Amino acid sequence: MALTGKRVLLIISGGIAAYKSLDLIRRLRERGASVRPVMTDGAQKFITPLAVGALAADHVFTELFSREDEQDVGHIRLARDCDIVVIAPATASLLAKMAHGLADDLASTILLATDRPILTAPAMNPKMWDNAATRRNIATLQTDGVSFVGPAKGEMAERGEAGTGRMAEVLDIVAAIELHFDEKPKPLAGRSAIVTSGPTHEPIDPVRYIANRSSGKQGHAIAAALRDLGAKVTLVSGPVTIPDPHGVNTIHVERAEEMMQAVMAALPADIAIMVAAVADWRVASASDQKIKKQPGQSIPTLALAENPDILSTVGHHKLRPKIVIGFAAETQDIEKNGRAKLERKGADLIVANDVSPATGVMGGARNQVKLIGHDGVEAWPDLDKDEVAARLAALVAERLKP
Ligand code: C5P
């Protein structure tokens, strides 16, 4: 059984989805795991410790200052004597506490004290999920290495409410736990990768710059996907507002020339995927003082100089990685331009996408790409950027197979 002997510390917090955690306990035990339950006060308003304890066949821990429990097990041991901490459902409030390191009840204290991996299954009203504070907390937790399953889209328990916020289905939570313990050798273990991501900012003067609409979502997702397959990843990122992927060596740069230097410093590597929207031109001589607007003076003209082509330099380098992949953001003649780029830049593959404003690709969450290789063109359906990343990482792993 996939989870034989695994010890799951299950924290149940207070949401209507708590009733599903009863089924979760049953499914985990069926698969050979032991489940030690912890319930918040809120959780006990929805389901009883009696039901939870009966299904888990264990004591249910609810109090931080329980003399009996502390003598018996203690919150520090609870936090450590397990292989994984799972929070299902995870309320917005518990996630907020965890993001800020608050410890004012047993569940939040365990979360602060544990050195075990944490998997959360959030469940809340879509408005709460979309709230800026929750967005910030989730980003913080992701950076801290906390894993998430869900939430899913759909109808809420509240009548007439729909959106993202439903707790992931129980079997999806089980699958996420199983995936965590999956000990199959990873196909990119021992491989190194360089990924560029985001835009570059080319200074005009100390306060102004030339930029583009790249968000870094696709590049960061690719770095994370390569990491998931076991690669050691260096991500060279231009200025973005999204968090650094956990477990990836992220180097922050601003200008194309800095990006080039960072990429060169990261060679040799087995894999290079250049996703950044590098500015083709920089201002030939950026002013070191703010350019002043003065009455009667003529409008300044900016002389541009060409930036180094990082992809092409990597593609023709004596330390050329075994696989070099470029992106081609196009608004017309996608295939033709992609093929020309493949040759010119010395790449093995060009991932071409249509970035016309109507597609919403730049800055958006989805992407529809064509893979242009030396042996033909493959069109992928419209996918989430994470899914494009996962497929691309799998393709790289396939090509690098001994
Ligand atoms: O020529 P174009 O900018 O369309 O090529 C896009 C591909 O080349 C992308 O993979 C991008 O990251 C890379 N590139 C680069 N350095 C540049 C320009 C583009 O690495 N100066």
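Each reported figure results from applying straightforward, stated rules to the coordinates on display, with no laboratory input. Quick caveat, the model's predicted, so the values are computed rather than measured. When we count neighbours, we look across all protein chains shown, and the Cβ atoms used for this are built from the backbone with ideal geometry, even at glycine.
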TODO: For a footprinting-style exposure proxy, rank Ser197, Ser287 by other Cβ within 10 Å, fewest first.
DONE: Ser287, Ser197
Task: Mean Cβ neighbour count within 10 Å, used as a protection proxy, ranking 266-279, 238-251 highest first - done: 266-279, 238-251
Task: Point-to-point label distance, Trp281-Lys293, nm (Cα→Cβ direction, 7 Å offset) - done: 2.2 nm
Open item on the list: Based on the alpha-carbon set only, what is the convex hull volume of segment 285-402 divided per residue, in Å³?
Closed with: 184 Å³
Open item on the list: Give me the one-decimal nm value for the distance between modelled label points at Ala133 and Leu319, 7 Å along each residue's Cα-to-Cβ direction.
Closed with: 4.8 nm
Open item on the list: Counting each pair of different Cα atoms once, what's the Kirkwood radius of segment 187-402 in Å, rounded to one decimal?
Closed with: 17.8 Å
TODO: Evaluate the relative contact order of segment 163-316 (contact order divided by residue number), counting alpha-carbon pairs under 8 angstrom at least 6 apart; express in whole percent.
DONE: 28 percent
Open item on the list: With an 8 Å Cα cut-off and a minimum separation of 6 or more residues, compute the relative contact order for segment 7-183 in percent.
Closed with: 22 percent
TODO: Within segment 240-337, list the trypsin sites (Lys or Arg not before Pro) lying in a DSSP loop whose Cβ has at most 12 other Cβ atoms in a 10 Å radius.
DONE: Lys290, Lys292, Lys293, Lys318
TODO: For the chain, calculate the relative contact order in percent as a whole number, restricting contacts to Cα pairs under 8 Å that are 6 or more residues apart.
DONE: 11 percent
- [ ] Would you mind telling me which residue in Gly198, Gly326, Gly163 has the biggest mean-square fluctuation in a Gaussian network model of the chain, where springs connect alpha carbons within a distance under 10 angstrom?
- [x] Gly163
Open item on the list: Quick check for me: using +1 on Lys/Arg Cβ and -1 on Asp/Glu Cβ, what's the dipole size of segment 7-183 about its Cα centre, in debye to the nearest 20?
Closed with: 340 debye
- [ ] Mind giving me the nanometre distance, one decimal, between the label points for Asp182 and Ala340, set 7 Å out from Cα along Cα→Cβ?
- [x] 4.1 nm
TODO: Among Leu319, Leu302, Leu188, determine the one that fluctuates most according to a GNM of the chain built with springs between C-alpha atoms less than 10 Å apart.
DONE: Leu302
- [ ] Compute the Rg/Rh shape ratio of segment 7-183: radius of gyration over Kirkwood radius, all on alpha-carbon atoms.
- [x] 0.94
Task: At 0.692 mPa s and 37 °C, Stokes diffusion of segment 1-42 via Kirkwood alpha-carbon radius, µm² per second - done: 309 µm²/s
Task: Estimated FRET transfer efficiency (Lys153, Arg80; beta-carbon r; R0 22 Å; 0.05) - done: 0.05
Task: Cβ-Cβ FRET estimate between His100 and Gln368, R0 fixed at 41 Å, reported to 0.05 - done: 0.60
TODO: Work the Kirkwood hydrodynamic radius out for the chain: mean of 1/r over every pair of different alpha-carbon atoms, inverted, in Å.
DONE: 23.6 Å
- [ ] Please go through the residue pairs Lys97/Lys153; Lys322/Lys401; Lys336/Lys370; Lys186/Lys318; Lys97/Lys186; Lys217/Lys322 and name each one whose alpha carbons sit more than 22 Å apart in this structure.
- [x] Lys97/Lys153; Lys186/Lys318; Lys97/Lys186; Lys217/Lys322
